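Have a look at the structure below before the remarks.
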Amino acid sequence: MTILEQLECGLLANVLEQGAKARIKNTGQIVELKRVSEHGISVVSFRTGGEYFISNKFLEPLHTVH
C-alpha cells in the first residue's frame, strides 16, 4: 500500500513526534512540538514566540508528503 493510499484510508498512526509540526484542533493553528510527554502533555512553540504546555488531546499531527 502506498503512502497516498494510507492517507486516503486514514491508516497512518496518529502519533505526535518531538520536532514535528502539529495542528491545534480547536483553532487550526500550526505549532512546533518541542517536547512530547507520554503523560499527555506537550510543550509547543508558536510562530509568534513563546513556549506553552498543551494537552495532547487538543493536538493532531500534520502529515506531510514529500
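With a bin width of 5 angstrom, please list the P(r) values of the stretch 15-61 as percents of all Cα-Cα pairs, from the 0 bin to the one holding the largest distance. Reading upward from the zero bin: 5, 26, 41, 22, 5, 0. Computed packing ranks the peptides 27-34, 43-50 as 27-34, 43-50, most packed first, by mean other Cβ atoms within 10 Å. Computed on the stretch 15-61, with alpha-carbon pairs under 8 angstrom and 6+ residues apart, the relative contact order is 37 percent.
Where a number appears in this text, it was derived from the coordinates with a stated rule and is not lab data. All figures in this text were calculated on a predicted structure; none of them were measured in a lab. Every residue, glycine among them, receives a Cβ derived from its backbone with ideal geometry; neighbour counts consider all protein chains shown.
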